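The values are calculated or read from the model by the stated rules, or taken from the named source; none is laboratory data. Only a predicted model underlies this, so the values are computations on that prediction, with no experimental measurement involved. Ideal geometry is used to build each Cβ from the backbone, glycine not excepted, and the neighbour counts take in all protein chains shown. We work out accessible area using only protein heavy atoms, side chains counted, and drop any ligands, DNA or RNA first. Shrake-Rupley method; radii C 1.70, N 1.55, O 1.52, S 1.80 Å.
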Amino acid sequence: MPCLANAYINRDAAVLRVMNKDAGKVQEIVIPVGQEIQFEKLFINMRTCKQSDPFDAENFWAFVEIAESDKGLLFSNWMNRNEPGENPLQHPDYDVWLVRCE
C-alpha cells in the first residue's frame, strides 16, 4: 500500500471516473466496497477505499481490480486521488481514475 497518513478512515464506497475513449464519454460510477460491478466491457471489483485523516490534507486511496471478460485481469493495484497519473487504468478503450471515497 502507498504511504498513508498516520490515520485513515475506511469508507463504504468509491467513486471512479471512467472515460470511454471510443465514445468520447466520461462517467462517474459509485462502487460499494466489497462488490463487483460491470461497466460496459469492464468488471470492476472494489476491495477497499480509504480517506486520509480529516486533520491532514484530503486524499483518498482505493485498491481496485479491473478485468475484461475476454482479456482477464487488466489492473490490480492502489489508485490515489491526489496522484491520478501514478496508477490509473490505461487501456486502449478506457481510462479509469479514483475521484473520492464515500
Using a Cα-Cα cut-off of under 19 Å, which aspartates and glutamates could be cross-linked to LYS21, ignoring same-chain neighbours fewer than 8 residues away?
GLU40, GLU68, ASP70, ASP93, ASP95
Under 25 Å from LYS25, Cα to Cα: lysines that are on another chain or at least 8 residues apart:
LYS41, LYS71
List the lysines whose Cα lies under 18 Å from the Cα of LYS50, skipping any in the same chain that are fewer than 8 positions away.
none
Using only the alpha-carbon atoms of the chain as identical scatterers, what base-10 log of I(q)/I(0) does the Debye formula give at q = 0.11, 0.23 Å⁻¹?
-0.30, -1.23
Considering Cα pairs under 8 angstrom that are at least six residues apart, work out the relative contact order of the chain and quote it in whole percent.
30 percent
So what does GLU28 come to for accessible area, using a 1.4 Å probe and Å² rounded to 10?
90 Å²
With all protein chains present, calculate the accessible area of ASP12 using a 1.4 Å probe and round the result to the nearest 10 Å².
120 Å²
Order by protection proxy (mean Cβ within 10 Å, highest first), peptides 67-74, 90-97
90-97, 67-74
